[in-house]
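Here is the structure we will look at.
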Amino acid sequence: MALNKEQIAQRIAKELQDGFYVNLGIGIPTLVANYIPEGVNVVLQSENGLLGMGPFPFEGDEDADLINAGKQTITTLPGSAFFDSAMSFGMIRAGKVDLTVLGAMEVSDNGDIANWKIPGKMVKGMGGAMDLVAAAKNIIVAMQHTNPKGESKLLPKCSLPLTGVKCVKKVVTDLGVFDITPDGFRCLEYAPGVTIDEIKVKTAGRLVIADDVKEMTF
Amino acid sequence: MNKVVANADEAIKGIESGMTLMLGGFGLCGIPENCIAALVRKGVNNLTCISNNAGVDDFGIGLMLQQKQVKKMISSYVGENAEFERQLLSGELEVELIPQGTLATRCMASGYGMPAVYLLAGVGTEVAEGKEVRNFNGKDYLLEYAFDSDFAIVKAWKGDAQGNLVFKDTARNFNPMMAMAGKITIAEVEELVPVGELHPNEIHTPGIYVHRIFQGTDYEKRIEQRTTRKKN
C-alpha cells in the first residue's frame, strides 16, 4: 500500500534532529510538525517573520496578526521571536535554517525542482520557495510519486519552469525514500506493500536501488 | 514638522495615476486597509503596485483590481485571487513575479541607500533571464536592483507624531522595509500614541522614514485561513 499524506509526513519527521531550525512548506510538509519525535527539539521558522511557531490556536483565540506562511492562524511558543521579511530571508540566505521541507510538481535525478508555475495554466508565483531552495543546507521534497494522470514526477529532466537547480537532497513519496546522488535517485526504503518493480515502473529518472534497501518503518 | 494627518484621504494626497506604490502586508495580514479604501475612492489608476500578494477578490489590493486601478503587480505570490488571474490571462494586467526574499531585500536595499545587491534566489531559473550573473566564492549570484517607488504605504500597530512605528506579531512582515523605501512614506496605525509613550528600545521603524501618519479606523483584519484546535 502506498503511503497516505500523513504517513509521508511521519516518515520525513524521522529526519529531524535535535536543535534543527526547520522551515516547513505548505501542504504535506506542514503535517510534519505533528510527528516530531519525542526528545527532539526543533524550532519552526515561518518565512513571514516568526521563529518558534506553535500549534493552531484554540477556537476563539485566533489573531489576524499572527499567521504562518500559509496564512493559517497559529500561536507562538515560549522563546519565539518575530522579525521582518528581510531578516527572515536573510537568515534563510545565510544558511541558518538547517532543513527545508517542501512540495514539488517535478524533481529531476540531479536534484532540480519545479513547483511554482505551469505555463498557460497556473500563475500563482514562487513565494519564498526559490529563496529557500537556493540557500537551505538540506532540502527534502515531500510529494506523490506520480501526478493525477499517473505519470512519474521523478524525471530525468524537469519539463516545468525550475524553482531551483541541483538543490534537492532527498525525496519522500508515497512509494519510498530516495536520495539524490550522482547516479540519480537512490532508493533507500520502500513503503510497506510496495514492490521495487512498482518503483522502477513509476520512476522515469535514473534509479538505483541501494544494496541495503529496506521496508520503511515509522 | 507636522506628520500627523486627519485620515487616509488626506494621507494619500499627491498619489497620481501612473505612479509606483509599495503596499505592506503578507496576505491580508498587516495591510493598510484605510489607505487602500481611500485609493479606491480616489479612483487613481494605471498604478504599479509592489506588494508581496495581491489580496483576495473582495479585500486588500483585490478591491483596487476590481476597479481596474492596477496596471502592473510586482509580487511573489498571487494565488488567492480569481479576478487577478482573469485579468492576467486576458492581458489586462501585467505581473512580475519575484522570489519573496528578493522582493524583501530589494525594498531593504532601497531603504539602506544601496543601488543593488547580489542574491542567490532564482539562479538557473527563468527569474535569472537578462540579469547580470557574478560568481563569488564559486557560487553564482544575480544582480538585483533596489526598488524605486513614489509612495510607500504601511500599516503599524502603534505610532507617534514623530513617525516612530511599532508592529505587532507577524503583521510586521514587509512593512518596516517598505516604510524605509518610499520617497514619501505613509503609515496608518491602529493607535496613535503621544510622543514619548513608545520607549525608544521598542521602536521598529524610526520616524525619520515616515512622512505622514494617521490613526486608522474600522479595521476588519480579515483572516484568510482560520485554523484552530479544540480544547480537550
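The values are calculated or read from the model by the stated rules, or taken from the named source; none is laboratory data. Since the structure is predicted, the reported quantities are computational estimates derived from the model, not experimental observations. Don't worry about glycine lacking a Cβ; one is built from the backbone with ideal geometry, like all the others, and counts go over all protein chains shown.
Here are a few things to note about the model shown:
- Taken together, the residues in the range B:164-179 that are surrounded by 24 or more Cβ atoms within 10 Å (Cβ to Cβ) and either more than 7 Å from chain A (Cβ to nearest Cβ) or of a type in the set (Asp, Glu) (or both) amount to 6.
- Here is the figure for the range A:98-136: residues that are surrounded by fewer than 24 Cβ atoms within 10 Å (Cβ to Cβ), of a type in the set (A, V, I, L, M) and at pLDDT 95 or above total 3.
- Taking the listed residues A:VAL32, A:VAL40, the one that is surrounded by fewer than 18 Cβ atoms within 10 Å (Cβ to Cβ) and either in a loop (DSSP other than H, G, I, E, B) or in contact with a helix residue (DSSP H, G or I) (Cβ under 8 Å, 6 or more places away or on another chain) (or both) is A:VAL40, with no other qualifying.
- Count of residues meeting criterion [within 12 Å of chain A (Cβ to nearest Cβ), buried (at least 24 other Cβ atoms within 10 Å of the Cβ) and farther than 15 Å from B:SER51 by Cα] in the range B:143-163: 1
- Single residue of the range A:49-88 satisfying the filter (at the interface with chain B (Cβ under 7 Å from one of its Cβ atoms) and of a type in the set (Ser, Thr, Tyr)) that is surrounded by the fewest Cβ atoms within 10 Å (Cβ to Cβ): A:THR73
- Residue list for the range B:176-202, restricted to those being assigned to a loop (DSSP other than H, G, I, E, B) and touching a strand residue (DSSP E or B) at 6+ places or on another chain (Cβ under 6 Å): B:VAL195, B:LEU198
- Selection within the range A:160-176 - of a type in the set (Lys, Arg) and within 13 Å of A:ALA142 (Cβ to Cβ): A:LYS169, A:LYS170
- A residue that is surrounded by 23 or more Cβ atoms within 10 Å (Cβ to Cβ), in a loop (DSSP other than H, G, I, E, B), on the phi > 0 side of the Ramachandran plot and over 15 Å from the mean Cα position of the chain (by Cα) occurs nowhere in the range A:4-22.
- Test: A:GLY90 is in contact (Cβ under 8 Å) with a residue 40 or more places away in the chain and more than 30 Å from A:LEU207 (Cα to Cα): no
- Residue match in the range A:97-105 (condition: in contact with a Ser or Thr (Cβ under 6 Å, 6 or more places away or on another chain), within 13 Å of another protein chain (Cβ to nearest Cβ) and not in a loop (DSSP other than H, G, I, E, B)): no
- Scanning the range A:175-186 for residues that are touching a Leu at 6+ places or on another chain (Cβ under 9 Å) and buried (at least 21 other Cβ atoms within 10 Å of the Cβ) yields a total of 5.
- All of (1) within 13 Å of another protein chain (Cβ to nearest Cβ); (2) closer than 21 Å to B:LYS221 by Cβ hold for B:ILE61 with one exception: (1).
- Residue, nearest to B:THR205 (Cα to Cα), within the range B:112-141, restricted to residues that are touching a helix residue (DSSP H, G or I) at 6+ places or on another chain (Cβ under 6 Å) and surrounded by 22 or more Cβ atoms within 10 Å (Cβ to Cβ): B:LEU119
- Considering (1) more than 20 Å from the chain's Cα centre (by Cα); (2) within 12 Å of chain B (Cβ to nearest Cβ), the lone condition that A:SER46 does not fulfil carries the number (1).
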